[in-house]
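K.L.:
One structure follows; several queries about it will come next.
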Amino acid sequence: MSKTKVNKNFIWAKAFVKQLCDLGVRFACISPGSRSTPLTLAFAEQKKIKCFIHIDERVSGFFALGLAKASGLPVAIVTTSGTATAELYPAIIEAYQQRIPLIICTADRPPELLNTGANQTIHQWNLYRNHIRWFKNVGLPELSLNRITKIQKIALKAFETSLIRNKGPVHLNFPFQIGRAHV
């Protein structure tokens, strides 16, 4: 019997993004990086979500802010790990003050690779805590039905919180292990 290799990071991200799409997210601003590739590919695959690629995270944050303000709908922002996440902070503060719905999706390293002295290993846990409406570290991807359902519920709560319950930006931190195929 042969085993099939799958990328559980991508499947996990795909379940999350599909749920956001089904809820009505129509725009995503992406600053690509290797750690955020699963989220980037998942958003790119959704035909109902228009993706805007910005190399500069600060530009991406403010572009998303404008889209959310104009549309009245939550806009997803995707960035890679580390200091790139800090570049989003000015736009997040403005979204918080003006109650503009953003769903910030930061890629992160798995716990064992955090705080190892490199720029990309900074502590991102609740990084924007003073200027968001909700934070969730989604945990490492798992392909059980229970965990896929949980990531879909996280997407639902992020959408509802940002748009209805406590309008404004929410932050979801996605730790991913990179470079490993899984069976």
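K.L.:
Between Ser144, Ser34, Ser60, which gets the highest mean-square fluctuation from a Gaussian network model of the chain, Cα cutoff 10 Å?
P.N.:
Of Ser144, Ser34, Ser60, the most mobile in the Gaussian network model is Ser144.
K.L.:
Past the 23 Å Cα-Cα mark, which pairs from Lys48/Lys136; Lys69/Lys167; Lys14/Lys69; Lys8/Lys153; Lys18/Lys136; Lys47/Lys136? Let's see the in-between values first.
P.N.:
On the way: Lys48/Lys136 25 Å; Lys69/Lys167 12 Å; Lys14/Lys69 26 Å; Lys8/Lys153 18 Å; Lys18/Lys136 18 Å; Lys47/Lys136 26 Å.
Violating the 23 Å limit, Cα to Cα: Lys48/Lys136; Lys14/Lys69; Lys47/Lys136.
K.L.:
Which of Val170, Val138, Val17 ends up with the largest GNM mean-square fluctuation for the chain, with Cα atoms connected below 10 Å?
P.N.:
Fluctuation is largest for Val138.
K.L.:
Please give, to one decimal in nm, the separation of the simple spin-label points placed at Ala70 and Glu45, each 7 Å out from Cα toward the Cβ.
P.N.:
Distance between label points: 2.9 nm.
K.L.:
Accessible area per residue for the chain in Å², computed with a 1.4 Å probe and the full protein assembly in place, what is it? Don't jump to the answer; show the numbers that get you there.
P.N.:
Values: 8710 Å² over 183 residues.
On a per-residue basis, the chain sits at 48 Å².
K.L.:
Ignoring everything except DSSP H segments at least 4 long, calculate the 222 nm mean residue ellipticity for the chain; use -39,500 (n - 2.57) per segment, divide by total residues, nearest 500. Could you put the intermediate results ahead of the total?
P.N.:
On the way: 6 runs with 70 residues, N = 183.
Calculated from helices alone, the mean residue ellipticity at 222 nm is -12000 deg cm²/dmol.
K.L.:
Taking amide H atoms as placed 1.01 Å from N in the peptide plane, list the residues 5 or more away in sequence, or in a different chain, whose amide H sits under 5 Å from that of Cys29.
P.N.:
Counting only residues 5 or more places away or on other chains, the set is Phe52, Ala76, Ile77, Val78.
K.L.:
Counting other Cβ atoms within 10 Å, keep those with at most 16, restrict to DSSP loop, and tell me which trypsin sites (Lys or Arg not before Pro) in segment 1-76 are left. Write out the running numbers ahead of the final one.
P.N.:
Values: sites: Lys3, Lys5, Lys8, Lys14, Lys18, Arg26, Arg35, Lys47, Lys48, Lys50, Arg58, Lys69; in loops: Lys3, Lys5, Arg26, Arg35, Lys47, Lys48.
Those that pass, being in a loop and sparsely packed, are Lys3, Lys5, Arg26, Lys47, Lys48.
K.L.:
Could you give the dipole magnitude of segment 17-97 about its Cα centre, charging the beta-carbon of Lys and Arg +1 and that of Asp and Glu -1, in debye to the nearest 20? Before the final figure, lay out the partial values.
P.N.:
Values: 8 positive and 6 negative charges, 60 e Å.
Roughly 280 debye, rounded to the nearest 20.
K.L.:
Considering only the chain, what is the antiparallel percent among its DSSP beta bridges, to the nearest 5?
P.N.:
Values: 1 of 25 bridges.
Expressed as a percentage, antiparallel bridges in the chain total about 5.
K.L.:
Here's another thing I want to ask about it. Counting just the Cα atoms, what span does the chain cover along each of its three principal axes? Round to the nearest Å and put the largest first.
P.N.:
56, 39, 26
K.L.:
Right, next: Just to be sure I understand: with springs between alpha-carbon atoms less than 10 Å apart, which residue in Leu172, Leu67, Leu143 has the highest mean-square fluctuation in the Gaussian network model of the chain?
P.N.:
Highest fluctuation among the options: Leu143.
K.L.:
What part of the accessible area of the chain, given as a whole %, is carbon or sulfur when the probe is 1.4 angstrom?
P.N.:
Values: 4740 of 8710 Å².
Carbon with sulfur: 54 percent of the solvent-accessible area.
K.L.:
Which value, in debye to the nearest 20, describes the size of the charge dipole of the chain about its Cα centre when Lys and Arg Cβ atoms bear +1, Asp and Glu Cβ atoms bear -1, and nothing else is charged?
P.N.:
On the way: 24 positive and 10 negative charges, 123 e Å.
Rounded to the nearest 20 debye, it is 580 debye.
The values are calculated or read from the model by the stated rules, or taken from the named source; none is laboratory data. Not measured: the values here are computed from a predicted model. Ideal geometry is used to build each Cβ from the backbone, glycine not excepted, and the neighbour counts take in all protein chains shown. Remember, those area values only see protein heavy atoms, side chains included, never the ligands or the DNA or RNA. Shrake-Rupley method; radii C 1.70, N 1.55, O 1.52, S 1.80 Å.
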